Structures are given as structure tokens and as C-alpha cells.
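Chemist: Dropping a structure here in C-alpha cells format, bear with me for questions.
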Amino acid sequence: RRSGLTVRVDVVGFALVDEADREASRRVAEASGGLFFDARDGEGLKEGVLRTLSPAFDVLGESGEPVAHGVVGGGPLDVSEGTYTVVLHLADGVVSVPGVRIEHGRMTEVRLDEEGGRIVGRPSLSAK
């Protein structure tokens, strides 16, 4: 980060027996804004690798601070009520979706569409 580059590191730990190794791997992922997957068997390893290959996204608060991050298809995140910007990190660039509202008792999804050769995001609220 000192060089001006931002690098996100996702870590898939496979059959880590030592808790210190698991914690060190988790810290590497956290420090870079990445995700840590603790794979304990072959199925967990497969799932962890597939999830690291899925596009990552960040949820930013009103002042631009990161409040959560995840991967597409990785399940819902627990975020407080409010209005956020979701930033999706794709191989060919970043897609920013402002105005994503989170309301208690409702699920919010961000759907991606292609328009004029660009990917755009549209948030939608639905009942839980």
C-alpha cells in the first residue's frame, strides 16, 4: 500500500492444524481487505477456491469508509440500516453502485446488467 498499489489477497487455508497458522492466514487476508477460507477437507478446498475466483465487492458507508466486503454468490452480509455504495471489483474494472438502501426486515440485492457495452448495477429491495 505504501507504493500506491492496492492488493487484495484472498487466502484458502487447507487442513491448517495449528491455530497460529490459521490466525496468521486470517490476518493476511484481513490486512489486505481480502477473505479467509478455512478449508478442512476436499469439499471445503473446492468451495474456497471457487469463492476466491468470484468477483469481490466492498460496501462503503456514506463517507466512503468500508463497512463490509464479500464475494458474489457468497451469501448475505449483515449491514446496519442505511444507504451505501457497493463497489464490485471485476477483472476489467470497477463497477460502483451508489444509493443502495438497507432496511430492517427486507433483503437488498444488486443486479448487474449490460448497457451499451458497460456493466451497470441496480439495487432492489424485496421482502425477506
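Chemist: Only residues that are modelled with pLDDT of 90 or more and under 17 Å from VAL72 (Cα atoms): list them for the stretch 6-36, please.
Modeler: VAL11, VAL12
Chemist: If you don't mind, another one. Given GLY44, GLY75, which one is among the small types (Gly, Ala, Ser) and assigned to a loop (DSSP other than H, G, I, E, B)?
Modeler: Numbers: GLY44 fails: assigned to a loop (DSSP other than H, G, I, E, B).
Sole residue among the options that is among the small types (Gly, Ala, Ser) and assigned to a loop (DSSP other than H, G, I, E, B): GLY75.
Chemist: Quick one: GLY61 ticks every box in (1) open to solvent by less than 70 Å² (accessible area, probe 1.4 Å); (2) out of contact with any strand residue (DSSP E or B) (no Cβ under 8 Å at 6 or more places or on another chain) except a single one, so which number is it?
Modeler: Here GLY61 clears every test but (2).
Chemist: For the stretch 95-128, how many residues meet the condition of being on the phi < 0 side of the Ramachandran plot and either open to solvent by less than 60 Å² (accessible area, probe 1.4 Å) or charged (D, E, K, R) (or both)? Give the steps one after another, and end with the answer.
Modeler: First, the residues of the stretch 95-128 that are on the phi < 0 side of the Ramachandran plot: 95-98, 100-104, 106-115, 118-128.
Subsequent filtering for residues that are either open to solvent by less than 60 Å² (accessible area, probe 1.4 Å) or charged (D, E, K, R) (or both) retains 95, 97, 100-103, 106, 108-111, 113-115, 118, 120-126, 128.
Result for the stretch 95-128: 23.
Chemist: Scan the stretch 78-128 for residues that are in a strand (DSSP E or B), of a type in the set (Ser, Thr, Tyr) and within 20 Å of LEU60 (Cβ to Cβ) and jot them down. Full working, then the answer.
Modeler: In the first step, residues of the stretch 78-128 are kept if they are in a strand (DSSP E or B); the result is 82-90, 93-102, 106-115, 118-127.
Next, from what is left, pick out any that are of a type in the set (Ser, Thr, Tyr): 83-85, 96, 108, 124, 126.
Listed by number, the residues that qualify are THR83, TYR84, THR85, SER96, THR108, SER124.
Chemist: Just checking, which of LEU35, LEU45, LEU88 is within 18 Å of LEU112 (Cα to Cα), aliphatic (A, V, I, L, M) and surrounded by 10 or more Cβ atoms within 10 Å (Cβ to Cβ)?
Modeler: LEU88 is the lone residue from the list that is within 18 Å of LEU112 (Cα to Cα), aliphatic (A, V, I, L, M) and surrounded by 10 or more Cβ atoms within 10 Å (Cβ to Cβ).
Chemist: Do we find that VAL12 is among the aliphatic types (A, V, I, L, M), assigned to a strand (DSSP E or B) and in contact with a Phe, Trp or Tyr (Cβ under 8 Å, 6 or more places away or on another chain) in this structure?
Modeler: Spelling it out, VAL12 is indeed among the aliphatic types (A, V, I, L, M), assigned to a strand (DSSP E or B) and in contact with a Phe, Trp or Tyr (Cβ under 8 Å, 6 or more places away or on another chain).
The values are calculated or read from the model by the stated rules, or taken from the named source; none is laboratory data. For clarity, every value in this text was computed on a predicted model and none was experimentally measured. Here Cβ is always computed from backbone atoms with ideal geometry, including for glycine, and neighbour counts include all displayed protein chains. Heads up: the accessible areas ignore ligands, DNA and RNA and are worked out on the full protein's heavy atoms, side chains in. Shrake-Rupley method; radii C 1.70, N 1.55, O 1.52, S 1.80 Å.
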